[in-house]
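Read the structure below first, then the notes.
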Amino acid sequence: MVALKTWAGNSRYLLPSRYDAAAPLSRATFNRVTTAVVERARKAELPLMPFTVHDLRRTGSTLLNEAGFNSDWIEKCLAHEDNRSSRSVYNMAEYERQRRHMLQEWADMIDAWAEGKQSRPTIYPPNMLGIAEHGRV
């Protein structure tokens, strides 16, 4: 992360556009990277099917939901808005602390998998455990 922040300079984005630090890296650039990753895997005779950035988002959402994380936190991370109900009008929560915790747990899960280990995430941030045990989360 430190290297990415250094590379990003003063941009508000961790992965800014190559030509405009005020804009995020484009979807096309991400997809070129994923294509290159698949090609490198093929050359190394590793079994990796082609995938897109959207596939990564879908996989992350699926695995975080299956791990038991709150779907509101996941949807907020994906910048999905539910405009079909009044809920979006009344619930203005950002879930910043919860999302930060969840994404750290996600990073730890990926690190464990990369090392061939199992991972059991802590679903609620430590300062919310008492609330979660009483069903108020």
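Computed from the coordinates by the stated procedures, all read-outs in this text should not be read as laboratory data. The model shown is predicted, which means the values in this text are computed figures rather than measured ones. Every residue, glycine among them, receives a Cβ derived from its backbone with ideal geometry; neighbour counts consider all protein chains shown.
Assorted remarks:
- ARG120-ASN65 FRET efficiency (beta carbon distance; Förster radius 22 Å; 0.05 resolution): 0.85
- Counting neighbouring beta carbons within 10 Å and listing from fewest to most, the residues ILE123, ILE110 come out as ILE110, ILE123.
- For region 1-50: rounded, prolate or oblate by the Cα gyration tensor [a/c cutoff 1.5]: prolate
- Partners of LYS117 within straight-line reach, counting aspartates and glutamates whose Cα lies under 19 Å from its Cα and excluding those fewer than 8 residues away in the same chain: GLU66, GLU105, ASP108.
- Cross-link reach is defined here as a Cα-Cα straight distance under 18 Å, omitting same-chain residues fewer than 8 places apart; for LYS43 none of the aspartates and glutamates meet it.
- Computed over the chain, the per-residue total of -39500 (n - 2.57) for DSSP H runs of n ≥ 4 gives a 222 nm mean residue ellipticity of -16000 deg cm²/dmol, rounded to 500.
- Range in the chain, longest, excluding exposed trypsin sites (Lys or Arg not before Pro) [loop by DSSP; at most 16 other beta-carbon atoms within 10 Å]: 19-83
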